[in-house]
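Read through the structure below, which is laid out as structure tokens, and then see the notes.
The values are calculated or read from the model by the stated rules, or taken from the named source; none is laboratory data. These numbers come from a predicted model, not from an experiment. Neighbour counts run over all protein chains shown; Cβ positions are idealised from the backbone, glycine included. Keep in mind that these areas ignore ligands, DNA and RNA; they rest on the heavy atoms of the full protein, side chains included. Shrake-Rupley method; radii C 1.70, N 1.55, O 1.52, S 1.80 Å.
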Amino acid sequence: MTDQDLDPTIAALLAETQADVGPSELPSFKDISEPPEKKAENLPRDSAHKVDLSQQGFKEITKFYEEESNHIFDGTSYYKTALGGEGEQGQRVHKILSKYLTCQDPKDRTVYRQQLVTSWWELIRVMCPKASDRNLEKPKQMLMRFGVVLPSLFTPEQKQLFSTVIIENNTGEPVYYMDEWFREIASGRLNLSATDEARAPRKNDPGAEAQRIQQLKSKNDGKLQNAESLLNSKEAERQMLENELRNRIDSLCEHNLMLGLEPHKQPYTDGQKRLFGEIQEKLRALQKLDKELAGYLKEFEEAKAIGTSLQDKMSMQPEAVEVSTGDLMIEYQTVRQMAKMTCGRQGNQFPIFTREFYHCVPRLTGFRENVLNILKWVEDNDPECFVRIHKNMKNRIVPYVLCLPTYGDFGFCWEPFDRYNRVTSRGRIVIPMYPRDLKIAILMAVADLRWQVAKEKASYYWMEEGLTGQYYQWIERQKLKGDLKSYFIADYVLWMTKEVDGIQRMDKELRAVFWRFVPFNQAKKDDLKMRSPVYAELYQRDLNRAMSDGY
């Protein structure tokens, strides 16, 4: 869209939707400096941050949008409410936005556009502490969540689309918008994102002890969840062995009558005699299993006792453990950096929603339900994308997903897991809401997460073992230079968009690496082996490895 396509005056912008937004001009500085009256509203407490190791996959998304409009963008005072009560920061955004929309000189518009980026994030800085308020006005919430300041920057179709977005997180999955993210951080339910600089503990901080206990509890929760998962697995294995043993003993105790010598019964048959050896093997297996189960039970009991002790200590702390303003500002700076990274150095960092830059179709806009739908597709094809192995136990741990209202194209992983709990804590991935291709952005983030988890698992041997080792050695043989992870992300996107459908675009050796360490689901493998001898050969290698030791 060219400059001539933009509305020449703010009055014209508002006149387009005069019935919706009322006045034909922007409110004055005085209007937006007065905070609007709040209305109380009871909203449910979010519990999606809890990890449930029993879940095996995402639920099918059946509802993507509300049937009726929420009318949030129809109010006559949306703009005034969104910027109202935010002091100089709100007034500055109003002033620069007015100049940007009315300016006709391309050079001046570029200057105002850059100024808007800075002033916008200053506005978010003063607004993010308010995100913890469940009764935050909806226009302010939509400003932080979708970047919507002026409803007349919508087309009628876009306005209808955003008016039917599902506001609350009814999915139970850890997918958050920016306002929800700050709310979870401020409440202490979500730890601060990792930064390069370590935060020094503050003396005489009333919340420092509570945060230290919370960190210890988070670390112990990982041990507790993993011990319980292992315990459940071993108990299920014991139940299976006991059932098999019971069936064999029942077969052993069945004797037919001797014909003509009734009521005497026949001796053991050859098949029953073979059961003696099988029963002994089952008993030995049960004996070994019982020893392992006793060890895991002891670990579980110790972790539970520690958890109870920490919970008692937490109960003696202030009832609401909230992050200090200083720490919240650190998280704000982190989120701002995340937003820049979604756009890249040469990307469009314009922060406000406008039809000038929004070119997504409804189902490929980064709304929560759309993101979850694509994540489900990714996991269906790559079932181990969210799997983390500990003590040979596979734990499915979905990362936190932060959806940021940017026009970027790059999804990425900020951290693969919490530093205080590497066993069962969630990682963190960031998704831009208005990219050119939402599926590609999400695939990039999942690839980044996969790479970092695999690298942490291999530790010092990451260049030799596992996924990272095999990929590194392939890159070395190709004599490629550059960022290794960037190469992997590009290849993962190729793997999940082309090879998944049998379209051969990868090097033969590289395809073999991905086939083994980034495997498709079994149904997909069965289908691909019938399509081409290339995949049939890889399928046969799987069978050969399964019959060999150490697979």
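Table for the structure above
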{"read-out": "Out of L259, L241, sole residue that is open to solvent by less than 50 Å² (accessible area, probe 1.4 Å) and over 35 Å from the mean Cα position of the chain (by Cα)", "value": "L241"}
{"read-out": "Hits in the range 231-280 - residues which are free of Cβ contacts under 8 Å to residues at least 40 places away in the same chain, basic (K, R) and part of a helix (DSSP H, G or I)", "value": "R246, R248, K273, R274"}
{"read-out": "Unique match (being at pLDDT below 95, of a type in the set (S, T, Y) and either open to solvent by 70 Å² or more (accessible area, probe 1.4 Å) or more than 18 Å from E384 (Cα to Cα) (or both)) among Y487, Y461, Y472", "value": "Y461"}
{"read-out": "The range 113-159 - residue that is under 24 Å from the mean Cα position of the chain (by Cα) and of a type in the set (S, T, N, Q) and, of those, farthest from M433 (Cα to Cα)", "value": "S132"}
{"read-out": "Residue under evaluation K288, criteria (1) closer than 20 Å to M393 by Cα; (2) surrounded by 12 or more Cβ atoms within 10 Å (Cβ to Cβ); (3) at pLDDT 85 or above, criterion not met", "value": "(2)"}
{"read-out": "The range 297-310 residues that are of a type in the set (K, R), paired with ones that are at pLDDT below 85 and part of a helix (DSSP H, G or I) (beta carbon under 7 Å, 6 or more apart)", "value": "K304/L224"}
{"read-out": "Residue list for the range 387-438, filter: in a strand (DSSP E or B) and open to solvent by 30 Å² or more (accessible area, probe 1.4 Å)", "value": "V387, I389, H390, M393, K394, W414"}
{"read-out": "Residue list for the range 359-385, filter: open to solvent by less than 10 Å² (accessible area, probe 1.4 Å) and either assigned to a loop (DSSP other than H, G, I, E, B) or basic (K, R) (or both)", "value": "T365, G366, F367, R368, D382, C385"}
{"read-out": "Check on F58, modelled with pLDDT of 80 or more, at negative phi, part of a loop (DSSP other than H, G, I, E, B) and open to solvent by less than 30 Å² (accessible area, probe 1.4 Å)", "value": "yes"}
{"read-out": "Residue among R477, R511, R516, R531 that is part of a helix (DSSP H, G or I) and more than 24 Å from L449 (Cβ to Cβ)", "value": "R477"}
{"read-out": "Subset of the range 99-120 that is in a helix (DSSP H, G or I), out of contact with any Phe, Trp or Tyr (no Cβ under 8 Å at 6 or more places or on another chain) and of a type in the set (D, E, K, R) - its residue that is surrounded by the most Cβ atoms within 10 Å (Cβ to Cβ)", "value": "D108"}
{"read-out": "Helices (runs of 4 or more DSSP H) (entirely within the range 121-187) containing at least 1 residues that are free of Cβ contacts under 8 Å to residues at least 12 places away in the same chain", "value": "156-163"}
{"read-out": "Some residue of the range 340-353 being under 16 Å from the mean Cα position of the chain (by Cα), farther than 23 Å from T171 by Cα and modelled with pLDDT of 95 or more", "value": "yes"}
